[in-house]
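A.B. asks: One structure, as structure tokens, below. Some questions next.
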């Protein structure tokens with residue numbers, strides 16, 4: 001990774017952070033409805049993993065998807081417009097926070113049922129293998145998803161069919177409010193891959209450079225030999241979604257992880273290695289502030305869907 | 001025209017569509033080496049190979065889920081569920097994904113998937129393997145639900161289902177596979193969402209589909225001997241539901257019996273009767289009757305099972321009640 005790419009990644013992580021903070025603010029103002037699952041604390045995983053992909057590689061994730069959308073190249077404008085339910089949103093305002101996607105960016109969603117997108121990833125990878133494409137499918141999910149049947153059915157079939165899937169478990173240590181140790185018989189999630197004879201690894205998900213190194217190794221394997229499970233140990237700094245009372249964890253635990261902030265770690269690396277100085281990075285932060293203001297402005301000025309949109313995009317073929 | 005069984009007609013439809021479109025492939029339990037548990041895909045594995053006739057583990061969630069994913073990425077999967085009862089294990093993929101991936105993402109995704117599922121009772125398979133839950137799937141906007149009652153409809157509708165870009169639940173009745181009928185020799189498609197008059201008459205309208213079409217045809221033959229001419233409208237698809245031929249017939253006969261194999265509560269009869277009452281109330285000369293399965297889980301014992309399933313005599317009795 002050259003110096004320029006590092007600055008781009010730093011910018012991206014800050015953008016995700018600020019976008020989420022702004023989304024929380026808009027949620028509290030009642031401008032965003034439904035559920036809102038924020039990615040704050042996990043930025044190094046999404047940015048690190050997706051920065052390793054080739055354009056033809058597909059990305060699919062769960063409902064904590066705003067950061068993943070940004071990393072796939074979606075603009076903050078379009079993300080914000082979808083959060084506000086506007087026609088200019090990626091899903092024309094019909095999907096909301098949990099259903100961001102852009103086929104043109106090879107980003108296949110944003111899926112709201114825990115574990116349900118893992119079989120979809122199997123199918124995406126199957127299609128690539130079937131058509132002789134070299135593409136890999138990168139499928140991200142939380143630790144909570146590894147306890148549901150879909151996870152096991154999907155890992156098994158991906159291995160049986162030797163499909164090019166990189167399974168990324170973002171172990172943020174809680175499935176909603178239940179700690180991984182209280183929900184999973186095995187808290188080191190990567191070990192679950194052993195049951196399927198699938199190669200696996202565990203990486204510090206707070207350090208983007210480590211995430212990138214592990215992802216590059218894993219993708220090499222996926223392209224050559226089939227599926228791989230990479231567990232990235234991370235932490236969500238905020239609640240599961242807005243309105244989470246957070247009775248299930250202590251504030252000093254949260255603080256411990258916040259001290260290891262993924263953006264702070266990367267920023268420190270860039271400065272200590274004389275790659276960038278404080279002033280340059282601060283200027284980057286300022287650029288992000290402008291992008292966020294612009295995104296909110298774009299979303300707020302965008303039109304709501306017309307009533308007739310209610311019946312659009314349900315079937316492709318007109319009914320006889 | 002060639003006379004063939006429903007099994008042959010369905011098999012031909014799959015074969016022809018696979019021959020002419022490389023994107024079409026089959027996946028499911030025992031579809032390959034075994035040749036299909038109902039022998040529908042016999043010979044396919046040898047001809048099309050393991051890439052296009054894919055045996056899967058017994059894991060319905062990933063069978064339908066992977067089919068959805070492959071469809072999103074441009075293939076045209078035909079996912080076979082050994083029985084429709086196992087569709088409950090894939091319910092989330094069918095109703096939350098096949099049916100919604102298109103609208104929920106503003107039309108970005110196309111899901112040209114066909115889920116073939118075998119349903120119906122009458123084979124002493126017990127309560128969990130004998131259900132006719134067709135209406136469950138028809139409840140969900142976003143899906144198309146097709147259930148043919150004759151070999152020619154089965155072939156033409158399955159070919160149409162494979163070619164449509166919308167997700168289709170294609171329901172076959174296990175006891176119809178040996179049913180014979182004439183099938184056109186030339187290439188043809190039957191339109192999804194078009195009901196069809198399968199027998200003409202002016203005294204009573206019977207609305208039915210799938211296996212109960214055959215039961216209703218037998219009842220109609222017997223009623224004709226008593227001078228009662230029933231008209232039989234075969235819905236063929238439950239969603240979209242084409243009520244036009246039903247309305248036209250009911251406005252002429254002013255009497256209607258709806259025959260379905262599933263339970264009557266919240267069923268096809270309930271839906272069709274409601275629509276008739278809403279739109280053609282003034283035409284009714286008698287209360288609309290429903291013939292359906294007794295409201296019990298199907299028992300194993302042969303006599304008890306047959307007692308629960310709608311029979312020819314039940315249809316005849318209902319027709320006489322509305323006369």
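The values are calculated or read from the model by the stated rules, or taken from the named source; none is laboratory data. Here the structure is a predicted model, which means the values were calculated and not measured. We place every Cβ from the backbone using ideal geometry, glycine too, and count neighbours over all the protein chains shown.
A.B. asks: Identify the single condition in (1) at negative phi; (2) outside any helix (DSSP H, G or I); (3) crowded, with 22+ Cβ neighbours inside 10 Å that residue A:33 does not satisfy, given that it satisfies every other one.
C.D. replies: Of the numbered conditions (1) at negative phi; (2) outside any helix (DSSP H, G or I); (3) crowded, with 22+ Cβ neighbours inside 10 Å, the odd one out for residue A:33 is (3).
A.B. asks: Could we say that residue A:120 is modelled with pLDDT of 95 or more, closer than 18 Å to residue A:59 by Cβ and within 7 Å of chain B (Cβ to nearest Cβ) here?
C.D. replies: For residue A:120, the condition - modelled with pLDDT of 95 or more, closer than 18 Å to residue A:59 by Cβ and within 7 Å of chain B (Cβ to nearest Cβ) - is met.
Residue-by-condition table, conditions (1) touching a helix residue (DSSP H, G or I) at 6+ places or on another chain (Cβ under 8 Å); (2) within 15 Å of residue A:127 (Cα to Cα):
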position	(1), (2)
B:16	yes, no
B:26	yes, yes
B:30	no, no
B:42	yes, no
B:48	yes, no
B:57	yes, no
B:69	yes, yes
B:76	yes, yes
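A.B. asks: Filter region B:72-108 down to the residues that are in contact (Cβ under 8 Å) with a residue 12 or more places away in the chain, at the interface with chain A (Cβ under 7 Å from one of its Cβ atoms) and in contact with a strand residue (DSSP E or B) (Cβ under 8 Å, 6 or more places away or on another chain) and list them by number.
C.D. replies: B:72, B:75
A.B. asks: To continue, here is another question. Which of (1) more than 22 Å from residue A:215 (Cβ to Cβ); (2) within 7 Å of chain B (Cβ to nearest Cβ); (3) crowded, with 21+ Cβ neighbours inside 10 Å is the odd one out, the single condition residue A:101 does not satisfy?
C.D. replies: (1)
A.B. asks: Ok, one more. Got a number for residues in region B:16-39 being within 14 Å of residue B:162 (Cα to Cα) and either at pLDDT below 95 or under 20 Å from the mean Cα position of the chain (by Cα) (or both)?
C.D. replies: 3
A.B. asks: Please list, ordered by residue number, the strands (runs of 3 or more DSSP E) wholly in region B:133-198 having 3 or more residues that are farther than 21 Å from residue B:264 by Cα.
C.D. replies: Answer list for region B:133-198: B:180-183.
A.B. asks: Scan region A:290-308 and give yes if some residue there is modelled with pLDDT of 95 or more, more than 14 Å from chain B (Cβ to nearest Cβ), in contact with a helix residue (DSSP H, G or I) (Cβ under 6 Å, 6 or more places away or on another chain) and closer than 16 Å to residue A:3 by Cα, otherwise no.
C.D. replies: Looking for residues that are modelled with pLDDT of 95 or more, more than 14 Å from chain B (Cβ to nearest Cβ), in contact with a helix residue (DSSP H, G or I) (Cβ under 6 Å, 6 or more places away or on another chain) and closer than 16 Å to residue A:3 by Cα, one finds none in region A:290-308, hence no.
A.B. asks: How many of the residues making up region A:1-30 are touching a residue at least 24 places away in the same chain (Cβ under 8 Å), exposed (fewer than 13 other Cβ atoms within 10 Å of the Cβ) and part of a loop (DSSP other than H, G, I, E, B)?
C.D. replies: Of the residues in region A:1-30, 0 are touching a residue at least 24 places away in the same chain (Cβ under 8 Å), exposed (fewer than 13 other Cβ atoms within 10 Å of the Cβ) and part of a loop (DSSP other than H, G, I, E, B).
A.B. asks: Would you confirm whether any residue within region A:302-315 is part of a loop (DSSP other than H, G, I, E, B), free of Cβ contacts under 8 Å to residues at least 60 places away in the same chain, surrounded by 14 or more Cβ atoms within 10 Å (Cβ to Cβ) and within 23 Å of the chain's Cα centre (by Cα)?
C.D. replies: No, region A:302-315 has no match at all.
A.B. asks: Go through (1) facing chain A (nearest Cβ under 9 Å); (2) farther than 15 Å from residue B:170 by Cα and name the single condition residue B:48 misses.
C.D. replies: (1)
A.B. asks: Anything in region B:239-251 that is within 23 Å of residue B:283 (Cβ to Cβ) and in contact with a strand residue (DSSP E or B) (Cβ under 6 Å, 6 or more places away or on another chain)? List them, or say none.
C.D. replies: Those that are within 23 Å of residue B:283 (Cβ to Cβ) and in contact with a strand residue (DSSP E or B) (Cβ under 6 Å, 6 or more places away or on another chain): B:245, B:246, B:249, B:250.
A.B. asks: Could you say whether any residue in region B:294-317 is within 14 Å of chain A (Cβ to nearest Cβ) and either without any contact (Cβ under 8 Å) to a residue 60 or more places away in the chain or in contact with a helix residue (DSSP H, G or I) (Cβ under 7 Å, 6 or more places away or on another chain) (or both)?
C.D. replies: So far as region B:294-317 goes, no, none of its residues is within 14 Å of chain A (Cβ to nearest Cβ) and either without any contact (Cβ under 8 Å) to a residue 60 or more places away in the chain or in contact with a helix residue (DSSP H, G or I) (Cβ under 7 Å, 6 or more places away or on another chain) (or both).
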